[in-house]
1. May I ask you to list pairs of residues, at least six apart or on different chains, whose Cβ atoms are under 7 Å apart, with the first in region C:16-30 being outside the structural domain of residue C:538 (by TED's automatic domain parsing) and the second being buried (at least 24 other Cβ atoms within 10 Å of the Cβ) and among the acidic types (Asp, Glu)?
2. Among the candidates C:688, C:713, C:694, which residue alone is of a type in the set (Gly, Ala, Ser), touching a helix residue (DSSP H, G or I) at 6+ places or on another chain (Cβ under 6 Å) and within 14 Å of chain A (Cβ to nearest Cβ)?
3. Output the strands (runs of 3 or more DSSP E) that fall wholly within region D:26-87 and possess 3 or more residues being crowded, with 16+ Cβ neighbours inside 10 Å and within 14 Å of chain B (Cβ to nearest Cβ), or say none.
4. Among the residues of region A:128-158, what is the count of those that are at the interface with chain C (Cβ under 8 Å from one of its Cβ atoms) and either closer than 20 Å to residue C:663 by Cβ or outside any loop (DSSP other than H, G, I, E, B) (or both)?
5. Kindly evaluate residue B:202 against the criterion of being of a type in the set (A, V, I, L, M), at pLDDT 95 or above and in contact with a strand residue (DSSP E or B) (Cβ under 6 Å, 6 or more places away or on another chain).
6. Pairs please, first residue from region B:252-264 and within 7 Å of another protein chain (Cβ to nearest Cβ), second anywhere and crowded, with 24+ Cβ neighbours inside 10 Å and of a type in the set (Phe, Trp, Tyr), Cβ atoms under 6 Å, 6+ apart in sequence or on different chains.
7. When you go through (1) surrounded by 23 or more Cβ atoms within 10 Å (Cβ to Cβ); (2) assigned to a helix (DSSP H, G or I); (3) out of contact with any Cys (no Cβ under 9 Å at 6 or more places or on another chain) one by one for residue C:290, which number turns out not to apply?
8. Are any of the residues in region B:116-125 away from chain A (no Cβ under 12 Å), of a type in the set (S, T, N, Q), free of Cβ contacts under 8 Å to residues at least 40 places away in the same chain and closer than 25 Å to residue B:18 by Cβ?
Amino acid sequence: MEVSITVNGAKHSSEVEPRLLLVHYLREVLGLTGTHVGCDTGYCGACTVIVDGIPIKSCSMLTVQADGCEVRTVEGVANGPELHPVQEGFWECHGLQCGFCTPGMIMSSVALLERNANPSETEIRQGIEGNLCRCTGYHNIVKSVQYAGAKMRGEDPKGASSEVAS
Amino acid sequence: MYPPNFDYVAPTSLDEALAALAGAENTKVLSGGMSLIPLMKMRFVRPTTVVDISRIPGLDDVTDDGDHITIGAMVRHATTASHPLVQEHASALAEAANGTADLLVRNRGTTCGSLALNAVAADQPGAALALNATMHAASVRGTREIAAADFFLDAMTSALAPDEILTKITIPKGGVSTYRKLGRRGGSSDYPIAAAAVWVDVSDGSVSDARIALNGVSSTPYLAVGSAEALVGSDGSADAIASAASHATDGVNVLEDLYATVAFRTHLAGVYVRRALEDVLA
Amino acid sequence: MTSTSVMGGIVRRKEDPSLIQGKGAYVDDVKRTGELAAVFVRSPFAAATITSIDIEAAKAAPGVHAVYTADDVRHLGPNPAQVAVGTLRPLLADGAVKHVGEAVAMVVAENRYLAQDAADLVFVDYEPGEVVVDLKDAFADKVKVHGDASNILLTWHGHGWWEGVIDLPDPSPGIQEAKERDDTVTVSLEMVNQRLLPTAIEPRAVLADWNSGYGSVELWSSSQIPHAVAGAVGVTFGIPSNKVRVVAPEVGGGFGVKLNVYPDEILVCFASKELGRPVRWTETRREAGFASTQGRGWVGTATITGTADGKILGYELEAICDMGAYSHNFTVAVPLLGLFIAGGQYNFPTSYALHCVVTNTQTTDAYRGAGRPEAAYYLERIVDHFAREIGMDPADVRKANYWKPEDFPVQTAIGLTMDSGDYEKNLDALLDRVGYEDLKAKRDAARAEGRLLGLGLSTYVEVCGFGPSALAGLGFSWGAYGLPTAFNGSGVVRVQPDGTCTVTIGTGPSGQGHETTWAQIVSDGLGIAMDNIEVHHGDSVDLPMGIGTFGSRSIAVDGTATFEATARVRKKAAIIAGHLLEAAPEDIQFADGRAHVAGSPDRAVEWGQIAESAYQPHTLPEGVEGGLESSVVFSPPNATWPFGSHMALVEVDPETGDVDLLEYWATDDCGNVINPMIVDGQLHGGIAQGIAQALYEEAIYDDMGNLLTSSMANYTLPVSTSLPLFSLDRTVTPTDVNPLGVKGVGEAGTIGSAQTIVNAVVDAVAHLGVRHIDMPLRPKRVWQAIQDAKE
Amino acid sequence: MKINEGFVVERPIAEMWPLFKDVPELARCLPGAELTADHGDGSYDGKVSVKLGPIATSFEGKATVDFDESAHTAKIKGRGVDRSGGSQGQVMVDIALDENEEHHTAVSIDAEVTLVGPIAQFGSTGLVSEVSRRLIDEFSQCVHAKLDAETAEEAAAVTAGQVKGFSLVVASTWSSLIGWLKRVFSRRRS
């Protein structure tokens, strides 16, 4: 089937099998390997991307379902050379270790802060509940999102999180 | 995990979709895909054709229709969970939707899809039962309405025929409701080990009507008729609630699995009925 | 040393800019032109004879290049293993299967979808046999897994576990004597330390590209031990090590599951060789329970005898340890690691018997902590239980039995030597910080209101930093992979001609931040800015040997090698700088990217100038060779012994058994710390995995050997809402085993935490009569324990 | 998993035994089962289809039936393979007839169902054992009805349905059994 999908602002037209999962389209067809696959059942969230403004698990969506949609992946989050505040927060607060869940975690966090500029710790935890991390115990991820939220609100991000690298 | 091949159609009108399903043996309706796609990836389900109904306009609305509210086929869990109309008139369903899986899944999965599949560990079928929802099914053979009480037949089995689409559900206004559960990871996260959806109508200090549904307890959600009977006509006191809770699994074959023995699940059913009732009658 | 010291400071990770932008290349992200995809056909039976395999339909399916069975690969021999006790796994099941999910055939096709389509067409006819899953049944040899051989592979005993080397008197008669005294109390608990799925979020993945022209192979593998994999590939195919390149690029979590040589790594090389195309296999999550090793799986009884004033006179543990069906890299060595810390931080006689038993399940091997969390669990649960039975505070009982600082170096119950420790100071630091007495009062007040609050304590000592070269005698080396080295550390520090620095290390990190920590060591030693130091790892051709990352060994062993190599480069650079500045080398100091004469900051040369001279030998003083690099292999004289104290506050719902983890505190001691941020991160993750074992995770097999928890829907990993923030602190007791004074921290959190939670939950319900609940403490178990106590 | 069922029929064993030995008839009592070949030596080819909502599984395989004439017992062993899904199943059924009271035959059915492969992993939800239990339960009900039937024609008309979505089918099978069960009093041993 012919699909036309805008990914990180660039429009792509491709011929795909109906069964091709969106995550494989991004990774195999477009070469955007920042979006990862960590499970089969829509649990781990490593494949999280934002489709038409809403974060979803791209391993549980067919490419054909995304026909005509705007997709944002981790590769499209930064503003050119300037990191997104969420990316900066993960870096500053050691919000990642192996980094495999990180792109999905970042996409969920970006979407969370876009709809709730000042989430509580509980709201942050609920916002990333669909993204499993095996390395951090989520501690520094929570701090990272707090950092990013403060930065996006124009506050001192280092005050929002005690776990900031100097 | 890679799904087997299938034909895919994405009709832009309900009639087209129904036509695509007509006479179908192994055609599956795709709405959010949060169950169907993983089942296809695991190759447990191998449809010949998938009919994606997400491009049909008008199926994704929650509307106020006087004495009832309507939830369309493509309304996502996240919308059901947060929509003011659902929160006001069908809070058990909003709460059940809010406790379904995680936010990313709620952003795709649909309430009607969850009801149509009727997975054992689904949250929303119980709420639909307690709220006395009416299911609206359509096929080329026509449309029909199915009461929730007649809809959830068995594990992963609803009253929908293979060629039917659950186009919307309607929920009557009135009463108060809530949904309480124990999840697999404890708390209210994840699939329910046991859950209670309760709806009560109170007038002049007594319970004039009640429906109490349980899900995650048996192979299909069910109305605990004995619980409701124990409550209706009472003053909603602690004793009345305890009596209602004691009938939570009457006549039901309680399932045993990795998360609960029959005894524990039976006990939990009573606990959650009581807790839910304490909430709505407080 | 220098004015730009970054040692001990929080430094942002060098790895992160790539990873947070989705530019990190994990194996499945590495693409080769013309690559094919492999999918395995796996056995549904846990024990069966294979009567026939029909591959014709699969071979004829669209896009299929080959279908391989045991007949095609038998000549390559079984999958090699380091500590090869038990039956080695055939590369593909050869005539029989021994566990559900054992690979029977491999299909190679144009892409994964087509390979899976074809794999569905392979038809295997099985004659099912008898299955043994239950550990006690297996121990009793009710059903034998491998022919007539007993299921008991060996029993590790505490004394004399290393025949001919360590031969201690059997402590059992003394313990027996203590039991018979009338002033002693003996307590005993049978406990399960359940089997777990390590579950790195990145599934394992491999990609092989065989070059028939050179007769060489490149293999990308999501591995913690690329050099060992390279050795195994070389040995299997009979090609020398310089014809094998194994690259572990970004690795998405390891936790022990990537600490193996797996058949799939060998098989993709084979297929690539046969087909002349690159071949890839990427594990699916449901496959991970069948294709990758699992962890833990002990059933054992712990017993303590002591006096009413808390003095412990003897500790005994007898456990059956589940090896699964086949022997992998360290399968039987995992219980041995538990034995290493048999007596923990305590000065009392210890008697151990750990029976290594095979079952019709997937193989077990290292999982974060590997034997040590199990050992610490049994010890710290029974110490807690003993304290309760004699009515003493659990902290006081621990203190009454600790080794004292003046006792070090301590010979452990099994004859090893512990380097350093100050256990009471560490425990007091924790108790003071949490306000122990206030917490107990708060718990008691809540209990008086009918709320079930519980306070749990565990202290621990672990052993890591593997390893002492002497362990090579036990098979702890990569000998089976044709690599002669013991578990030594390796590091190469090279200053480039432009004055930047390249560091190459023999580790295989999977998120531990080695690029950052190692750059800190080198930056500190050379005064070269962090940004001008690149750290390379995970490539078997980069340096002649590398042991990889496991057993919390990297910093203590490879870190030290790098530290020593840095010192040598500095020494040579001082000679060159001294020559350039007309000063004595002893007077040269390095800082801010330059060398200067002590006391005269203006008499300086840039690193670029030093390097330029180094690579032009004619500019060097007489007798100084060209080049500016050093390669060091470090042989540690001993392991290291980190320790710590953990505490948790929980609340149990009395009606549902639901456990709410309210607070978690830890005070750990891993010696000197190079990057506190990274050390804390390791502890966070380790603690989370211990909590996960205590509350959530369990690999469950049914009687037929079906793994019921192969999907994440049923293997309940903790999610963000499951865990609280952790409150960490540390004491610092440096080791003298290495010049950095570092001990290692990768596993400490896991070793200290599971029993902390169980102790807390048991504390919450002990007054109801509950004495023990087996993990995971799911609501059903806690509720059942409360019900049983009522009866 | 093991399932035990039993019931008493008000007939002498001599009358029951021939009915009971008709294997194709017996097979029709196993929900979703279909005999495709009779090898004449007590072995048969067949398949059993089980449907769990959208998940359809069809186990193809062989069954053997051994009768012990003197003891009035039968052992049925069936093994099947789901070729498309890779799951495999085995059913062992021991049936014993015992005339412990004159003209009353006690029938006991002991079944053991084992499943391996992907479908077995659904066991974690408790569903597989539920399906197995209902399958044997229905088999037992059907055998009871057949043995209780007044005439051979009546008996032959009793069949099990496909086990799917399952209470729906159990219900419909029940309704078809109602007629035959008129004379059956509830005397099933628990």
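1. C:26/C:202
2. On inspection, the qualifying residue turns out to be C:694.
3. Counting at least 3 such residues, we get D:43-52, D:55-68.
4. Result for region A:128-158: 7.
5. no
6. Qualifying pairs under 6 Å: B:264/C:783.
7. So residue C:290 meets the others, but not (1).
8. Kept after step one, since they are away from chain A (no Cβ under 12 Å), are these residues of region B:116-125: B:116-125.
Then keep just the ones that are of a type in the set (S, T, N, Q); that gives B:118, B:124.
Adding the requirement that they be free of Cβ contacts under 8 Å to residues at least 40 places away in the same chain leaves none.
No, the conditions are met nowhere in region B:116-125.
The values are calculated or read from the model by the stated rules, or taken from the named source; none is laboratory data. Keep in mind the model is a prediction, meaning the values are calculated, not measured. Quick reminder, even Gly has a Cβ in these numbers, built from the backbone with ideal geometry, and neighbours come from all protein chains shown.
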